[in-house]
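Read the structure below first, then the notes.
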Amino acid sequence: MFAGALLAVTIAFPKPGIQLPYVEKCYMSGAVGRGVTNIVVQGRNVSVYKTGGWVTMVDLNEGDNEIAIVAGSESTNYIVKVARKPKPSAAPQKKKEYKKLPYADDFPRALVAPDDPAGRIVVVDPGHGGPKDTGALSPHGFGEKDANLALSRSVRDQLVGLGYTVIMTRDGDKALELNDRPRAACTNKNVIAFISIHHNAPNYNVDPRKVRYASVYAWNEIGESLAGKISDRMGLALKGDIPNKGVMKANFAVTRNPEVASCLIEADFITTPEGEEAIWNSKRRKRIAKAIAEGLDNWYKGEWSDWRGSNPRPQH
Ligand SMILES: [Zn+2]
């Protein structure tokens with residue numbers, strides 16, 4: 001799961017004295033054990049959707065917004081302050097000059113020993129982890145973190161079978177700082193690719209019971225070339241099962257490294273009952289893992305050599 005639309009924020013209740021920058025919408029969530037049935041925003045009633053917790057999206061105005069969280073006959077009131085909409089500045093924005101970075105002449109990095117599996121490393125990153133970051137929750141309360149780890153382990157096994165060395169950012173239920181995820185890919189000269197594995201949840205304006213598809217996110221050109229190959233193979237493996245939305249652009253901490261081909265895979269939606277059931281089917285998981293590993297292998301054997309010979313500048 002990742003954050004929703006522009007001009008929206010996510011807040012967990014209760015949290016007194018909330019002051020927000022200028023936003024139009026607010027995605028709110030909390031623990032289901034609090035028995036929340038609905039929310040009243042400026043006198044308007046909004047129902048909540050219950051998954052493992054309750055979630056809803058509310059419209060906000062500039063200034064004070066009176067919000068009541070209703071649980072049965074009890075109601076807790078909050079004022080959510082929203083800053084004024086910033087005026088667009090009239091002065092033309094000065095274009096920032098970027099210094100030429102030292103790695104720009106050696107891009108992408110040359111492998112130490114491209115024919116040796118030890119010199120051909122893939123970092124696999126199971127998204128989320130630890131007691132506080134479960135990721136999205138399934139209808140029965142399974143954390144996305146567990147589904148991500150199961151698929152990541154299967155991807156690792158497939159990649160090892162194809163002759164790659166795999167570094168896992170976590171191989172257990174461990175909390176990781178976001179910036180520690182791509183660190184191994186940044187610092188290890190023999191890493192050719194970084195793949196972060198997730199299971200999706202819908203945006204605020206979509207019925208969470210109705211949406212399922214696979215997608216792959218990348219930011220720069222080298223990431224998109226890897227994501228394209230992985231997405232193609234996943235599309236074949238998922239044909240007649242769930243739709244494949246292909247590659248989309250996203251500037252995430254785990255997709256933006258211009259030196260290492262990086263992408264983030266959302267293999268399915270964990271928030272529908274059907275998605276939850278499918279994700280725990282080990283045969284299907286293995287089929288998806290095989291597709292991801294074969295997609296990466298296709299990319300390495302094909303497009304990687306194109307990238308080795310070129311010298312594109314990182315995108316800003
Ligand atoms: Zn996620």
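Listing for the model above:
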| item | result |
| --- | --- |
| Unique residue being modelled with pLDDT of 70 or more, within 16 Å of the ligand (Cβ to nearest atom) and not basic (Lys, Arg) when the list is 27, 49 | 27 |
| Filtered residues of region 55-77 (kept if buried (at least 19 other Cβ atoms within 10 Å of the Cβ) and over 32 Å from the mean Cα position of the chain (by Cα)) | none |
| Among (1) in contact (Cβ under 8 Å) with a residue 40 or more places away in the chain; (2) touching a Pro at 6+ places or on another chain (Cβ under 7 Å), the one test that residue 130 misses | (2) |
| Region 158-217, residues that are part of a helix (DSSP H, G or I), in contact with a strand residue (DSSP E or B) (Cβ under 8 Å, 6 or more places away or on another chain) and modelled with pLDDT under 95 | 184, 185 |
| Within region 201-226, tally of residues that are within 20 Å of residue 256 (Cβ to Cβ) and within 13 Å of the ligand (Cβ to nearest atom) | 2 |
| Residue match in region 144-153 (condition: in contact with a strand residue (DSSP E or B) (Cβ under 7 Å, 6 or more places away or on another chain), in contact (Cβ under 8 Å) with a residue 60 or more places away in the chain, farther than 16 Å from residue 291 by Cβ and within 16 Å of the ligand (Cβ to nearest atom)) | yes |
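The values are calculated or read from the model by the stated rules, or taken from the named source; none is laboratory data. What you see is a predicted model; the values in this text were computed from it and never measured. Please note: Cβ atoms are built from the backbone with ideal geometry, for glycine as well, and neighbour counts cover all protein chains shown.
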